[in-house]
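Note sheet for the following structure.
Derivation of every value follows stated rules applied to the coordinates shown; laboratory data play no part. Source: prediction; values computed, not measured. Neighbour counts are summed over all protein chains in view; Cβ atoms, including those assigned to glycine, are modelled from backbone coordinates with ideal geometry.
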Amino acid sequence: MKKLFMILFSIILLTPNIYSQQMRENKMKNREKLEQLEKIKLIESLDMDEDTSIRFFARRNESKREIQELEKKTEDIIFELEKSFNIEDKNQDEKQKQLISEMLKNRESIELKRNQFINSLGDILSTEQIAKLIVFEKKFRDEIRNVLFDRKPR
């Protein structure tokens, strides 16, 4: 009886962990599939050859990595701001002002990195391809947003 109880108890404890792990794995797979789709559509849209694609995606991946680091810092700052709501401290106002300032600087840095990436593409892509990239990124984000929120396209 004890063995049966222990087995059932173990199953009950482990099931949520296994389920959440599978959800994370599915999320990662979906993100990877979405990135693959985006790459394929980008190559088609910009009409890039293999050499250009390799150079473009190497630069794009580096830029994305830098932007993700800055976005992570921004998320951390927002988390700190949220925690500050529940703390009663005389210096809380100053700390919040500092955190707001840091967050705004991070947002500016993100936009600067995006601008630098676009401006750095002149040696890889033509002006028309850069323009197509800008239009593609906007349309692709809108398309994904519409699918996620089950909206009809404009």
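What you get for the range 63-154, charging only the Cβ of Lys and Arg (+1) and of Asp and Glu (-1), is a dipole of about 500 debye around the Cα centre. In plain terms, the C-alpha convex hull of the range 39-104 casts an average shadow of 5.9 nm² when viewed from every direction.
If we count every other residue with Cβ under 14 angstrom of residue 86's Cβ, Lys/Arg +1 and Asp/Glu -1, where does the sum land? That sum, taken over residues with Cβ under 14 Å, equals -2.
Our coupling estimate for the range 75-92, obtained by passing each phi through the Karplus curve with A = 6.51, B = -1.76, C = 1.60 and θ = phi - 60°, is 4, 4, 5, 5, 4, 5, 4, 4, 4, 5, 5, 9, 10, 9, 9, 5, 8, 4 Hz, Gly and Pro reported as x. Name the shape class, rounded, prolate or oblate, that the alpha-carbon gyration tensor gives for the range 62-154, where a ≥ b ≥ c are the square roots of its eigenvalues, rounded holds for a/c under 1.5, and otherwise prolate holds if a/b is larger than b/c and oblate otherwise. Oblate shape, in that a/c is at least 1.5 and b/c is the bigger or equal ratio.
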